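J.: Have a look at this one.
The values are calculated or read from the model by the stated rules, or taken from the named source; none is laboratory data. Quantities reported herein were computed from a predicted structural model and do not represent experimental measurements. Cβ sites come from the backbone with ideal geometry, for glycine too, and all protein chains shown count toward neighbours. SASA here: full protein model, heavy atoms, side chains in, ligands and nucleic acids out. Shrake-Rupley method; radii C 1.70, N 1.55, O 1.52, S 1.80 Å.
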Amino acid sequence: MTTHVLILCTHNSARSVLSEGMLNHWAQKLGRDVRAHSAGSAPSGRLNPFALEALTNAGVDVAGYRSKSWDEFTGPEAPPLSIVITVCDSAAAETCPVFFSGGEQQPVKVHWGYPDPSNAEGGEEGKRRAFELTRQAIAYRMLQLLALPLEHLRGAELAAALQAIARS
């Protein structure tokens, strides 16, 4: 059974998109049945070109990526979510909607914060560097997530494992 992971950031234009791309990329390469999705509480409607460039340079196919609302993941037609990860502090502080988990329990929620690479100084090269460093940090955590026995972890045990990754 596929483990669906939703990654949230306020505008769904940079950090959540980097996370979706890296998790799907590594899951496919490692043969793991994990599918990442990203969304925002106030989607910007556009993806940051530096995020798309960083993903493309890492070999990630970004065709079909778009900025979307977390509302797409709240109904019965949404994929059954196992994990919800917030990657920006403002999204972590917001009251999340009720997400469909395909079962009686809500998905496990965790915050893995990253500074906003869009705020980097140094012009375009500074932003490129910041986005690449953020992509690398995200990729490291996504590899740790994929190393977990997700098919066997539930509830508090899964939450503890995800919190341990957050501290790494």
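J.: Under the condition of being modelled with pLDDT of 90 or more and under 21 Å from residue 46 (Cα atoms), which residue from the stretch 74-88 is surrounded by the most Cβ atoms within 10 Å (Cβ to Cβ)?
T.: For the stretch 74-88, the residue satisfying everything is 85.
J.: Look through the stretch 49-64, keep the residues that are closer than 18 Å to residue 130 by Cβ and out of contact with any helix residue (DSSP H, G or I) (no Cβ under 6 Å at 6 or more places or on another chain), and return whichever of them is surrounded by the most Cβ atoms within 10 Å (Cβ to Cβ). Lay out the reasoning, then the answer.
T.: Start the filter on the stretch 49-64 by keeping residues that are closer than 18 Å to residue 130 by Cβ, which leaves 49-58, 60.
Pick out the ones that are also out of contact with any helix residue (DSSP H, G or I) (no Cβ under 6 Å at 6 or more places or on another chain) and you get 49, 52-53, 56-58.
Numbers: 49: 13, 52: 19, 53: 16, 56: 12, 57: 12, 58: 15.
Result: 52.
Conditions tested, residue by residue: (1) open to solvent by less than 30 Å² (accessible area, probe 1.4 Å); (2) at pLDDT below 90; (3) assigned to a helix (DSSP H, G or I); (4) of a type in the set (Asp, Glu).
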{"position": "66", "(1), (2), (3), (4)": "no, no, no, no"}
{"position": "90", "(1), (2), (3), (4)": "no, yes, yes, no"}
{"position": "96", "(1), (2), (3), (4)": "no, yes, no, no"}
{"position": "100", "(1), (2), (3), (4)": "no, yes, no, no"}
{"position": "106", "(1), (2), (3), (4)": "no, yes, no, no"}
{"position": "109", "(1), (2), (3), (4)": "no, no, no, no"}
{"position": "129", "(1), (2), (3), (4)": "no, no, yes, no"}
{"position": "156", "(1), (2), (3), (4)": "no, no, yes, no"}
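J.: Another one. Looking at the structure I just gave you, is residue 60 assigned to a loop (DSSP other than H, G, I, E, B), modelled with pLDDT of 85 or more and more than 14 Å from the chain's Cα centre (by Cα)?
T.: Yes.
J.: Here's a check for you: in the stretch 15-27, which residue that is open to solvent by less than 10 Å² (accessible area, probe 1.4 Å) and closer than 16 Å to residue 69 by Cβ is nearest to the chain's Cα centre (by Cα)?
T.: Selected residue: 16.
J.: Considering only the stretch 28-41, how many residues are open to solvent by less than 50 Å² (accessible area, probe 1.4 Å), among the small types (Gly, Ala, Ser) and out of contact with any Asp or Glu (no Cβ under 8 Å at 6 or more places or on another chain)?
T.: Narrowing the stretch 28-41 to residues open to solvent by less than 50 Å² (accessible area, probe 1.4 Å): 34, 36-41.
Filter once more, keeping what is among the small types (Gly, Ala, Ser): 36, 38-41.
Retained after the next criterion (residues that are out of contact with any Asp or Glu (no Cβ under 8 Å at 6 or more places or on another chain)): 40.
Summing the residues that are open to solvent by less than 50 Å² (accessible area, probe 1.4 Å), among the small types (Gly, Ala, Ser) and out of contact with any Asp or Glu (no Cβ under 8 Å at 6 or more places or on another chain) in the stretch 28-41 gives 1.
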